[in-house]
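*Asks:* Please find one structure pasted underneath; my questions will follow.
The values are calculated or read from the model by the stated rules, or taken from the named source; none is laboratory data. None of the values given here were measured: they were computed from a predicted structure. Virtual Cβ from ideal backbone geometry, glycine too; neighbours counted across all protein chains shown. The accessibility values were calculated without ligands, DNA or RNA, using every heavy atom of the protein model including side chains. Shrake-Rupley method; radii C 1.70, N 1.55, O 1.52, S 1.80 Å.
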Amino acid sequence: MSQQLMLRKTDVTAVSLLFTALSNDCRVSILNLLRNGPKNVGEISEGLKIEQTMASHNLKCLAFCGLVTSQRLGKTIEYTLNRETVEPILRLADKHISKYAINLRTCKTLER
């Protein structure tokens with residue numbers, strides 16, 4: 001018999017906030033781009049065709065939440081996907097989407 005794991009109320013809130021961080025197209029696009037390797041804000045903004053200020057704002061959130069790490073290299077900061085925890089989440093999302101994409105796209109409850 002499998003043991004069911006239950007989250008404490010504070011953990012439920014933290015998980016909800018994690019999914020809130022992942023519910024933004026720009027932030028998920030940044031994470032997806034970083035799957036191919038580290039990039040600086042200029043490379044990210046160019047790769048996603050967004051303003052550097054938007055990229056910087058979202059990178060600050062991603063770094064604070066532990067979804068990416070940053071390292072100063074001279075005058076630039078290079079951002080790297082948190083491969084230990086975020087890459088598995090993205091792989092599971094890929095697997096889930098391959099099966100349920102049509103449901104997600106047509107769900108009347110989810111905001112667009």
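*Asks:* Assuming Ile44 fulfils every condition listed in (1) open to solvent by 50 Å² or more (accessible area, probe 1.4 Å); (2) over 25 Å from Arg105 (Cα atoms) apart from one, which condition is it?
*Replies:* (1) is the only condition that Ile44 fails.
*Asks:* For residues that are of a type in the set (Asp, Glu) and in a helix (DSSP H, G or I), tally how many sit in region 48-85.
*Replies:* Total satisfying the criteria: 0.
*Asks:* Here is a further query. Would you tally the residues in region 41-60 being more than 21 Å from Leu90 (Cβ to Cβ) and touching a strand residue (DSSP E or B) at 6+ places or on another chain (Cβ under 7 Å)?
*Replies:* 0
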